[in-house]
Amino acid sequence: MNLREQLTALLALQKIDSALDAVKKQYAGMDRGAQEKILCDSRVEQYKSALAVANATDAELRDLRLEMLSKMEKHKSEETRLYSGQVKNPRDLQDLQEEVDMLARQVATQQTKISELEHRLEAERASEQSLKKLAIEANAILSKKVEIFNVTAAELRKVAKKHEKLRKDALAAVPEELLKRYTAMRPTKAGVAIAPLVDRNVCSGCHMNVSESSVQRVDRAQEIVTCENCGRMLCLPTQPVEAK
């Protein structure tokens with residue numbers, strides 16, 4: 001294989017590598033739903049917080065109702081004793097009356113507090129359900145974004161796999177020393193280590209004119225010629241190259 005054929009094989013490899021780079025760049029730039037996840041997580045936390053608040057109020061309300069029922073039963077029992085005639089001593093009757101009155105006041109206070117808690121719980125449950133709806137909607141949006149990402153990512157992986165197979169075949173056609181030089185140059189040349197000439201006198205890598213002597217050396221293909229401006233390896237195009 002002469003040098004011209006080697007450079008042609010290297011150019012074919014670079015086209016594949018450029019295609020792979022494009023796939024990787026597209027994959028890296030894909031929207032994975034990061035913003036949607038932030039919003040979804042926020043909505044879920046808001047819902048969980050509202051749920052915890054409502055459940056705490058609900059538990060407090062249950063405890064207060066049980067306490068009020070206990071006091072109501074005690075009030076009823078003590079009131080029955082008060083009017084049963086079993087207690088004869090005036091002092092005992094007075095103490096019993098005071099206890100019955102105190103229990104009645106406590107029950108009334110608890111009834112008021114229960115009413116307030118019921119109204120508060122109603123508002124908290126409404127807020128909880130509203131936030132739950134928002135969390136469900138945010139999760140649906142996130143799920144759709146993730147679904148789109150997964151479908152596109154799967155397509156890109158197929159394309160990359162195809163290019164990887166082509167690259168494996170292309171590697172076999174490039175001599176080891178030339179491949180080493182190419183591999184070392186790519187990171188410093190924006191991924192483009194070999195540049196075909198445009199209109200026979202313009203480097204397609206940096207779009208600068210190449211000297212006539214360099215063009216002639218490229219044409220003779222007896223040595224590796226680099227662009228005086230960007231340092232990329234130069235070669236003749238395998239097909240017409242348009243200036244960009």
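The values are calculated or read from the model by the stated rules, or taken from the named source; none is laboratory data. Just so you know, these numbers come straight off a predicted model, no measurement behind them. Don't worry about glycine lacking a Cβ; one is built from the backbone with ideal geometry, like all the others, and counts go over all protein chains shown.
Counting only residues that are outside any helix (DSSP H, G or I) and of a type outside the set (A, V, I, L, M), which one in the stretch 34-88 is farthest from residue 127 (Cα to Cα)?
88
Anything in the stretch 162-202 that is of a type in the set (A, V, I, L, M), surrounded by 12 or more Cβ atoms within 10 Å (Cβ to Cβ) and not in a loop (DSSP other than H, G, I, E, B)? List them, or say none.
Once the filter is applied, which keeps residues that are of a type in the set (A, V, I, L, M), surrounded by 12 or more Cβ atoms within 10 Å (Cβ to Cβ) and not in a loop (DSSP other than H, G, I, E, B), the stretch 162-202 yields 166, 170, 171, 178, 179, 185, 194, 195, 197, 198, 202.
Would you check if there is a residue in the stretch 31-44 being surrounded by 13 or more Cβ atoms within 10 Å (Cβ to Cβ), out of contact with any Cys (no Cβ under 7 Å at 6 or more places or on another chain), among the hydrophobic types (A, V, I, L, M, F, W, C) and more than 30 Å from residue 152 (Cβ to Cβ)?
no
Of everything in the stretch 229-244 that's at pLDDT 95 or above and assigned to a loop (DSSP other than H, G, I, E, B), which residue is surrounded by the most Cβ atoms within 10 Å (Cβ to Cβ)?
In this case the residue turns out to be 232.
Go through the residues of the stretch 11-21 one by one and say whether even a single one is over 30 Å from residue 150 (Cβ atoms) and touching a Phe, Trp or Tyr at 6+ places or on another chain (Cβ under 9 Å).
Yes, that holds for at least one residue.
Which pairs turn up if I take residues in the stretch 163-189 that are farther than 16 Å from residue 15 by Cβ and look for partners that are of a type in the set (S, T, N, Q) with beta carbon separation below 8 Å, at least 6 apart in sequence or on another chain?
Going by the 8 Å Cβ cut-off, the qualifying pairs are 175/6.
Mind checking which residues of the stretch 203-228 are touching a residue at least 12 places away in the same chain (Cβ under 8 Å), not β-branched (Val, Ile, Thr) and not in a loop (DSSP other than H, G, I, E, B)?
Listed by number, the residues that qualify are 203, 214, 219.
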